[in-house]
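There's a structure below that I have some questions on.
Read the figures in this text as sums done on the coordinates, not as results from a lab. The model shown is predicted, which means the values in this text are computed figures rather than measured ones. Quick reminder, even Gly has a Cβ in these numbers, built from the backbone with ideal geometry, and neighbours come from all protein chains shown.
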Amino acid sequence: MVLAVILTGVGPVLVRNSPVDPAATAFWRLLIATPIALFLIRRSVLLPTRAMFWAAVGGLLLAGDLCFWNAALMRTTILEGTILVMVYPLIAAVANYLIFKERITLRVGVGGAIAFLGLLLMVSQASSSAGSSLEGDLMAVAAAFFYTGSLLISARLCRVYDTQIVSFWLIFWAAVGSALPALLELRTFPEHPFGWLYILGYALLTLTSYSLFNRGLKIVPTGLASLMGYGQPVVATVLGFFLLHEAPTLNGVLGSIVIVIGLVLATRQPQAKAVEPPPA
């Protein structure tokens, strides 16, 4: 799980140095992952018609998430880009309430309010701070909304159908959805063999981190796994500082701390009360 978090934290730095533009980076990662996801399926790849429709919607939303997030990383600091996109658990809680009438607990409400204050602090001087950008911050938030939609759809599909089949169709439609934005960019194709190796390595790194994280979920409790996920912005920021010489802004650091506090409070599962044995 720790290795998965470290590998995931490398991603934002790789996006910055990618030989192609942001949407193209997302497209090539997804395209390379598609045949691998297909290979992992041991049975028929088809889903019922209604499920195929929702898998397509979820995949297109995933494409929007990756395209917006990659674009955000090119415009704002790595710290802000990685932190802001992680507000999706709070967006998901509100969406579940509005769509499925699932109750928002007091813990989620208070945590969400704290995280929102941190978001306001982070973007308050984004337009005037070096390396920071209000446009990039808003793109990261937009990515969080797209990812929330994809997550809600994929989670419900995986409860009913084979996870590997659902994952394949999500990746397939995400590749389709990111193809058009990629073609509209100036740098769609790597110009040199090293560029192709770079994209291939990034795709394999992504698949490895996902695989390690999913394997870790079989052992590590979900609550702890969620908290460990907050290590991604830390790893990305440290690498950005040493490799890209990007120092995070003061508002970015303070805002990210407040957001993480709110997210930890909102997502932390209450401890189960110990059951006392009956008297002898």
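Quick check: net charge around A93, other residues with Cβ under 12 Å of its Cβ, Lys/Arg +1 and Asp/Glu -1?
Counting the neighbours of A93, the net charge comes to +1.
Suppose R0 equals 41 Å. What FRET efficiency, 1/(1 + (r/R0)^6) with r the Cβ-Cβ distance, do L180 and T105 give to the nearest 0.05?
For R0 = 41 Å, the calculated efficiency reads 0.55.
Another question, then. Over the Cα atoms of the chain, what Rg and Dmax result, in angstrom?
Gyration radius and largest Cα-Cα distance of the chain: 19.4, 78 Å.
Please get the size of the charge dipole for the chain, origin at its Cα centre, with Cβ charges of +1 on Lys and Arg and -1 on Asp and Glu, quoted in debye to the nearest 20.
920 debye
Quick check: net charge around Y161, other residues with Cβ under 13 Å of its Cβ, Lys/Arg +1 and Asp/Glu -1?
+3
What FRET efficiency do you get for A113 and E135 if R0 is 35 Å and r is their Cβ-Cβ distance, rounded to the nearest 0.05?
Once the sixth-power term is evaluated, E becomes 0.85.
Among A4, S256, L134, which residue has its Cα positioned farthest towards the positive end of the charge dipole of the chain, with +1 placed on the Cβ of Lys and Arg, -1 on the Cβ of Asp and Glu, and the dipole taken about the Cα centre?
Checking the options against the dipole of the chain, the answer is A4.
Let me ask another. Taking neighbour counts of Cβ atoms within 10 Å as a proxy for exposure, in what order, fewest first, do M122, M1 appear?
Fewest-to-most ranking of M122, M1: M1, M122.
Provide the net charge surrounding M122, with neighbours chosen by a C-beta distance below 9 Å and charges set as Lys +1, Arg +1, Asp -1, Glu -1.
In short, -2.
At what distance in nm do the modelled label points of I41 and Y97 sit from each other, each positioned 7 Å from its Cα along Cα→Cβ?
The modelled label-to-label distance comes out at 3.8 nm.
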